[in-house]
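Just below is one structure, and these are the notes that go with it.
Derivation of every value follows stated rules applied to the coordinates shown; laboratory data play no part. This is a predicted model, so every value here is computed, not measured. All Cβ positions, glycine included, derive from the backbone under ideal geometry; neighbour counts span all protein chains shown.
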Amino acid sequence: MLTGAAVAGTAELGLEPPSPLRRGPYHWGVHVRAPDLKQDHPGEVWVGVTTAPLSVDEASRWVTRADCGAVVVFAGTVRDHAAGRPAVSEVEYEAYGAQVESRLKAIADGARERWGGVGRLYVWHRLGALAVTDCSVVVAVSAEHRAEAFDAARYCIDTVKTTVPVWKRERWAGGEDWGLDAHDIAEVGP
């Protein structure tokens, strides 16, 4: 269950779609506030989804610990093209909210199990309509040593892409449609 989040279809909430990319009554959305990184968050893992902008700087500050000598931050951004789709102007991310947070937590827990020197892990994905260069996902990892931080961060983003039910629609000069990189959702595993 998503803590502090309302999970429902936009039609059920009576919301107007924020973008012309939305079609039909089947959109699942997660409507949450942005992570408040100015307040202390309990624990060593912080995961979630938001419709608000993500801050790479604040994620980096949150994962930094005195006993960790490395911080690695990955930020995925919207690019201006996709295969066969020049001049992309917008990408809209949607999610099946009932599974997102539990899968993100399982990914973070898996990274902490694999790399014992990992300190803090931050994995957040943005939903809704994003413009070119907007940040769509942030993974930040602190660890005792750089190899663990790099390996854990790569594991987290690669596993997010294959196991978390988040989809995207692209708008480009020639039209709009679902992203071409869709695939079946795998289970989070070792």
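Structure summary
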{"read-out": "Phi to ³J(HN,Hα) by Karplus 6.51 cos²θ - 1.76 cosθ + 1.60 over region 151-168, Hz, x for Gly, Pro", "value": "4, 5, 5, 5, 4, 4, 5, 4, 6, 4, 5, 9, 10, 9, x, 10, 10, 9"}
{"read-out": "Alpha carbon centroid spacing (whole Å) that separates region 48-88 from region 89-115", "value": "14"}
{"read-out": "Within-11-Å neighbourhood charge of Val72 [Cβ basis; K, R +1; D, E -1]", "value": "0"}
